[in-house]
Amino acid sequence: MSKGLTSRSDDYSQWYNELVTKADLAEHSAVRGCMVIKPYGYSIWEKMQAALDQMFKDTGHSNAYFPLFIPKSFFSKEASHVEGFATECAVVTHYRLKNDGKGSIVVDENAKLEEELIVRPTSETIIWNTYKGWIQSYRDLPILVNQWANVVRWEMRTRLFLRTAEFLWQEGHTAHATAQEAIEETERMLEVYADFAENWMAMPVVRGRKTASERFAGALDTYCIEALMQDGKALQAGTSHFLGQNFAKAFDVKFANKEGKLDHVWATSWGVSTRLIGALIMAHSDDSGLVLPPKLAPIQVVIIPVHKTEAELDQITAIAKELSAQLKKRNISVKYDSRDTQRPGFKFAEYEMKGVPVRLAIGARDLENGTVEIVRRDTKEKQTINRDNLDQFIEDLLGDIQSNIYAKALRFRNQNTREVNSYDEFKRVLDEQPGFVSAHWDGTPETEKQIKDETKATIRCIPLNNKQEEGKCIITGKPSSQRVLFARAY
RNA sequence: CGGGGUGUAGCGUAGCCCGGUAUCGCGCCACAUUUGGGAUGUGGAGGUCGUAGGUUCGAAUCCUGCCACCCCGACCA
């Protein structure tokens, strides 16, 4: 691992890129826009998956798996859906290679597929094609299914975790007998995402709805959680869609209700992706490296011995083992790093880079005094404390770090959310004090587009439970009943 | 996909304009001394110069195609 990290103030995006590789989370692969998620990065994803998966199950969902490939014709069945994804699909046209006789492998033109297969950019179509066979009666509803999968979107410009051509995600796809029930599901899953973002990732989010032009292709309504990154840009962290009967109509999925009448099924879909790891990085990390919330940290506590003699190391190891056992009983993950190939200072820097929340150092002094040196990653505050009841102390400290980084992120967001009342002020705030900008808007796509074209700011969402107040659109001066949240976004 | 830039050892780089088989630092290996914030010394290993062609007696260097990454733009549930 090389020294140092570009500071956030010098070059935020370089800081991000360096951090991802230096913290050993991921690296570029040989394939354009596709990344290798390294073991340390993947273990964060596994932690996220475990927590989310439990939340999905607690809300009644089951996991299933659908194919990677989707017949091309499926995409043309829902008009706005194809429009949204057509320009970024990977297409399989052949099923065989052959030797060209000159030492190269070429596509066998004789092995052309009758119908091309699309590598899924999202699975609504293949799933609704399948649901048609599962649903006849209201007794078959609701269907509450989630899938953990990879998807491919041929993005023109990619960034590790934030936007990659292939990414990992989960996509929930539910089917309901009534619009009301589907809307409730959409809102329930948005709340699951918000809960996860805030209580696991320690990242405050705004719950809201997208404007018509920002909606998912094929949705009647798109709900989202929006987070604010440290550079003042917004990041869409999760979406939950009310799909109405669009996909049921496109795939002819009808059910008989209690009165024996046929109706199309109501649908939702919702997803979060490995982009959350990008969000996690940008929400909390500093110029020394990653800062992880304890609940998602693969290693919560690292113990580093500082010794001069083998005898000292033996004593420290005995203490570390006992302490590790105590912590493991409390479900705290511990790593004892007794490598003698690296010196303590190197290890301190390394675990800071990797965001381990709590670091203990035990040395000769501590052997003599019955103490340890304990350092918390979020504030880097260092103290020497007695080893009595250390496991309880650490458990409390991890809880404190979790709430402290949330509070810090919340403070940052509050300080960087500004109400403005004129377009001049809007533009000035965007340039000088990036963050969320709350302003009145006349509700038209034309005004929204003008603002986007002129300032690169988009309407991130119309916050749920928004305060209703009389106001005037900052562009047209037309009346508006509520403010919406603008920002430049990832 | 358009404009600009970059690609030389695991990482960061010099050399390129003006052609003669590659510089330095970190890291790596061995040994010794070290170990409470990224150790020091001595010795050593490691390179199809992104890739495929072309020009040339000779290419990291000049020319062309391709690939990847970075920045700007367009695009982006």
Requested in this report: Go through (1) touching a helix residue (DSSP H, G or I) at 6+ places or on another chain (Cβ under 9 Å); (2) within 19 Å of A:VAL31 (Cβ to Cβ) one by one and return the number of the condition A:MET189 breaks.
Outcome: (2)
Requested in this report: Using the structure shown, decide if A:SER288 is among the hydroxyl-bearing types (Ser, Thr, Tyr) and farther than 23 Å from A:THR59 by Cα.
Outcome: yes
Report task. Answer yes or no: is there a residue in the stretch A:219-238 that is in contact with a helix residue (DSSP H, G or I) (Cβ under 6 Å, 6 or more places away or on another chain), charged (D, E, K, R), in a strand (DSSP E or B) and surrounded by fewer than 24 Cβ atoms within 10 Å (Cβ to Cβ). Result -> no
Query raised in the report: In this structure, is A:ILE401 over 14 Å from A:ILE303 (Cβ atoms), more than 10 Å from RNA strand B (Cβ to nearest atom) and touching a strand residue (DSSP E or B) at 6+ places or on another chain (Cβ under 8 Å)?
Result: yes
Report summary line: Note on the stretch A:432-445: residues outside any loop (DSSP other than H, G, I, E, B) and under 29 Å from A:ALA409 (Cα atoms) are A:GLU432, A:PHE436, A:VAL437, A:SER438, A:ALA439, A:HIS440
Report summary line: If we keep only residues of the stretch A:334-352 that are of a type in the set (Phe, Trp, Tyr) and touching a strand residue (DSSP E or B) at 6+ places or on another chain (Cβ under 6 Å), then the residue farthest from RNA strand B (Cβ to nearest atom) is A:TYR336
**Report entry** Hey, A:ILE394 within 13 Å of RNA strand B (Cβ to nearest atom) and of a type in the set (Val, Ile, Thr) or not
**Finding:** no
Query raised in the report: Tally time: how many residues in the stretch A:368-382 are out of contact with any Leu (no Cβ under 9 Å at 6 or more places or on another chain) and more than 7 Å from RNA strand B (Cβ to nearest atom)?
Result: 7
Report task. Give just the number: which of (1) farther than 24 Å from A:ILE126 by Cα; (2) modelled with pLDDT of 95 or more does A:THR186 not satisfy? Result -> (1)
Requested in this report: Kindly establish whether A:GLY345 is loosely packed, with under 13 Cβ neighbours inside 10 Å and closer than 18 Å to A:ALA23 by Cα.
Outcome: yes
Report task. Count, please, the residues in the stretch A:95-140 that happen to be in contact with a His (Cβ under 7 Å, 6 or more places away or on another chain) and either free of Cβ contacts under 8 Å to residues at least 12 places away in the same chain or over 18 Å from A:HIS241 (Cβ atoms) (or both). Result -> 5
**Report entry** Options A:GLU454, A:GLU448; residue that is assigned to a helix (DSSP H, G or I), touching a Phe, Trp or Tyr at 6+ places or on another chain (Cβ under 8 Å) and not small (Gly, Ala, Ser)
**Finding:** A:GLU448
Query - Answer residue from the stretch A:353-362, given it is outside any helix (DSSP H, G or I) and farther than 15 Å from A:LYS382 by Cα and is farthest from RNA strand B (Cβ to nearest atom) among those - result: A:GLY355
Report task. Within the stretch A:469-487, count every residue that is part of a strand (DSSP E or B), in contact (Cβ under 8 Å) with a residue 24 or more places away in the chain and over 28 Å from the mean Cα position of the chain (by Cα). Result -> 5
Query raised in the report: If we scan the stretch A:409-424, do we find a residue that is assigned to a loop (DSSP other than H, G, I, E, B), surrounded by fewer than 21 Cβ atoms within 10 Å (Cβ to Cβ) and among the β-branched types (Val, Ile, Thr)?
Result: yes
Query raised in the report: Which ranges mark the strands (runs of 3 or more DSSP E) fully within the stretch A:243-322 that have 3 or more residues being away from RNA strand B (no atom under 12 Å from the Cβ) and either assigned by TED's automatic domain parsing to the domain that holds A:LEU160 or surrounded by 17 or more Cβ atoms within 10 Å (Cβ to Cβ) (or both)?
Result: A:254-256, A:262-264, A:266-273
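The values are calculated or read from the model by the stated rules, or taken from the named source; none is laboratory data. What you see is a predicted model, and the numbers here were worked out from it, not measured in a lab. No Cβ is skipped: glycine too gets one built from the backbone with ideal geometry, and neighbour counts run over all protein chains shown.
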